[in-house]
1. Go through the residues of the range 180-189 one by one and say whether even a single one is without any contact (Cβ under 8 Å) to a residue 12 or more places away in the chain and over 30 Å from Q10 (Cβ atoms).
2. Could you tell me which of the residues N37, N42, N19 is over 19 Å from K62 (Cα atoms) and either under 18 Å from the mean Cα position of the chain (by Cα) or at pLDDT below 90 (or both)?
3. Answer with yes or no whether R145 is closer than 19 Å to E8 by Cα and touching a Gly at 6+ places or on another chain (Cβ under 7 Å).
4. Restricting attention to strands (runs of 3 or more DSSP E) lying wholly within the range 96-153, give those where 3 or more residues are closer than 27 Å to T38 by Cα and at pLDDT 80 or above.
5. Which pairs turn up if I take residues in the range 102-114 that are on the phi > 0 side of the Ramachandran plot and in the same structural domain as R182 (by TED's automatic domain parsing) and look for partners that are outside any strand (DSSP E or B) and hydrophobic (A, V, I, L, M, F, W, C) with beta carbon separation below 9 Å, at least 6 apart in sequence or on another chain?
6. Taking I67 and the conditions (1) in contact with a Phe, Trp or Tyr (Cβ under 9 Å, 6 or more places away or on another chain); (2) at pLDDT 90 or above, which numbered condition does it fall short on, given that it satisfies the others?
7. Search the range 161-172 for residues being touching a strand residue (DSSP E or B) at 6+ places or on another chain (Cβ under 7 Å) and surrounded by fewer than 19 Cβ atoms within 10 Å (Cβ to Cβ), and hand back the single one that is nearest to N114 (Cα to Cα).
8. Considering (1) modelled with pLDDT under 90; (2) surrounded by fewer than 14 Cβ atoms within 10 Å (Cβ to Cβ), say which one T228 fails and leave the rest.
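The values are calculated or read from the model by the stated rules, or taken from the named source; none is laboratory data. Predicted, not measured: the structure shown is a model, and the values here were computed from it. No Cβ is skipped: glycine too gets one built from the backbone with ideal geometry, and neighbour counts run over all protein chains shown.
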Amino acid sequence: MPSAESLEKQAIKAAVRENWPKAVEFNLCFLKLQSQNTTALNRLAWAYTKLGQNQKARASYKKVLSIDKNNPIARKNLKRLPQNKNSVVTTPEKPTKKTPSLFLEESGKTKVVNLLRIAPTPVLNTLDCASPVELIPKTRFISVRDHCQRYLGILPDDLSFRLLKLIAGGNRYEAWIKSIGRKNLQIFIRETKRSPNLANQPSFQPSPKEPPLPLRRRKFDEDKPEMTPTGEEESAN
């Protein structure tokens, strides 16, 4: 049998190419080697969802939550699954051209951010501007993933610290890829819900001429993102 690393790469490649039957096949093989890997279980659930196999997707997400009850990807996507077991989720993976105001800035509610510790160039080359990304709260930082659940980077320390407190207070955010370079990745974050308790507290301080944040070395805490050659976070499971 191929190695876990090889199977993981093939599973991710199949998902990027939207070859969902192959994505299911490779993720199932990978899980025979690492049955408690929540990242692979989430990938498998998403592939099942795209094939309209919602009962299997639901079972995979529930297994994730049995391992990590606060897993944000499983919790969010489980709620999105239609009740009809054969219905295909129609949530678009990428915004259409009907969103010309997607990057319209709004003082205190939006911010353009340069990610740190970004994914390798092969991963960046598969991304598209205006594609939605997931903000994944960790203990001391916020990780960013694409719709295939590939690791893309993390928010800067100061912004992570601020948003972690606001999210814990009830705020909600969405984010999209704004620009892609050979060695940089920029996302656009928008506040979509503000908690009544935070009504007078803006999510972001105005900084119209803020220079790009420099990449810097730091010692991460115990749940730091360790990137595989494909740019995903290494699971501890």
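1. no
2. Values: N37 fails: over 19 Å from K62 (Cα atoms); N42 fails: over 19 Å from K62 (Cα atoms).
Answer to the check: N19.
3. Numbers: closer than 19 Å to E8 by Cα: yes; touching a Gly at 6+ places or on another chain (Cβ under 7 Å): no.
Here the answer is no, as R145 does not meet what is asked.
4. On the way: elements: 110-114, 132-137, 142-145.
Correct list: 132-137, 142-145.
5. These pairs meet every condition: G108/F204.
6. For I67, the failing item is (1).
7. Step one: list which residues in the range 161-172 are touching a strand residue (DSSP E or B) at 6+ places or on another chain (Cβ under 7 Å), which gives 163-164, 167, 171-172.
Narrowing further to those that are surrounded by fewer than 19 Cβ atoms within 10 Å (Cβ to Cβ): 164, 167, 171-172.
Details: L164: 17, I167: 20, N171: 21, R172: 20 Å.
Among those that are touching a strand residue (DSSP E or B) at 6+ places or on another chain (Cβ under 7 Å) and surrounded by fewer than 19 Cβ atoms within 10 Å (Cβ to Cβ), it is L164.
8. So the condition that T228 fails would be (2).
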